[in-house]
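Heads up, the thing below is written out as structure tokens.
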Amino acid sequence: MKISGDTIKKLLSEGQLIRGGADLLDQVGPNSIDVKLGRGFKRLRPPRSGVIDFSQQQEYEDIPENDDGSIVLPSHSFALGTTAEYIDLPADICARIDGRSSRARLGLVVQTAGTINAGMQGNITLELTNLCDYPIRLRPGDSVAQIEFEYLDKPASKPYEGAYQGQEGTTGSRLPRMDF
């Protein structure tokens, strides 16, 4: 069952779901919470072979930030960012994260794997793609995504303990590791 905005506010005021951000309660909508970009953006380094191979670890580099912490995402390009907020889900709640439509209408696609498993703790890395023909400026604090929460029918017997548990900041792919 999806969790309403009123219940999200209640859980946040009890110190659950998300840590960080003085204005978390103001970010809650009817059935989701808006999350903001944190600091630190990364891009893939060109693969040595010229091909991304999922069986090989890929390398990332920091994207230089402007004095205000912003970056300019060139048209038709890709970067990684992070949420400013730190997710802290209990064993009986999972979540979904998705981009915001007002930003998508300007060409910014914010995608993640989508599912945030019960028990996950950490910042959420965001995949940022500019589909537009014009560059887009991204600033820490920009509200670019939203999270919806759902109760599980019972607490997970094995909450998330995978490769990204406890991640802080922007985190690249940890393939080829498999976390089964």
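The values are calculated or read from the model by the stated rules, or taken from the named source; none is laboratory data. Please read all numbers here as calculations on a predicted model, not as lab measurements. Note that each Cβ is placed from the backbone with ideal geometry, even for glycine, and that neighbours are counted across all protein chains shown.
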Worksheet entry | Check on Arg48, buried (at least 16 other Cβ atoms within 10 Å of the Cβ) and either in contact with a helix residue (DSSP H, G or I) (Cβ under 6 Å, 6 or more places away or on another chain) or among the charged types (D, E, K, R) (or both) | no
Worksheet entry | Residue in segment 88-100 that is more than 12 Å from the chain's Cα centre (by Cα), under 18 Å from Ile33 (Cβ atoms), among the aliphatic types (A, V, I, L, M) and at pLDDT 95 or above present | yes
Response to the item:
Checked Phe54, Phe78 against criteria (of a type in the set (Phe, Trp, Tyr), out of contact with any helix residue (DSSP H, G or I) (no Cβ under 9 Å at 6 or more places or on another chain), surrounded by fewer than 18 Cβ atoms within 10 Å (Cβ to Cβ) and part of a loop (DSSP other than H, G, I, E, B)); the one match is Phe54
Discussion item. Here are the criteria: (1) exposed (fewer than 14 other Cβ atoms within 10 Å of the Cβ); (2) more than 25 Å from Leu12 (Cα to Cα); (3) not aromatic (Phe, Trp, Tyr). Tell me which single one Lys154 does not satisfy.
Written reply: (2)
Fill in: Tally, over segment 57-75, of residues that are in a strand (DSSP E or B), touching a residue at least 60 places away in the same chain (Cβ under 8 Å) and touching a Lys or Arg at 6+ places or on another chain (Cβ under 7 Å)
2
Worksheet item: Just checking, which of Leu128, Leu106 is in contact (Cβ under 8 Å) with a residue 24 or more places away in the chain and surrounded by 14 or more Cβ atoms within 10 Å (Cβ to Cβ)?
Response: Leu128
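Condition check ((1) touching a strand residue (DSSP E or B) at 6+ places or on another chain (Cβ under 9 Å); (2) over 19 Å from Gly169 (Cα atoms)) across all residues:
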| site | (1), (2) |
| --- | --- |
| Ser4 | no, yes |
| Leu17 | yes, no |
| Val28 | yes, yes |
| Asp98 | yes, no |
Worksheet item: Which number in (1) surrounded by fewer than 20 Cβ atoms within 10 Å (Cβ to Cβ); (2) more than 30 Å from Ser13 (Cβ to Cβ); (3) touching a residue at least 60 places away in the same chain (Cβ under 8 Å) marks the one condition that Arg39 misses?
Response: (2)
Worksheet entry | Some residue of segment 93-116 being farther than 14 Å from Pro140 by Cα, among the polar types (S, T, N, Q) and assigned to a strand (DSSP E or B) | yes
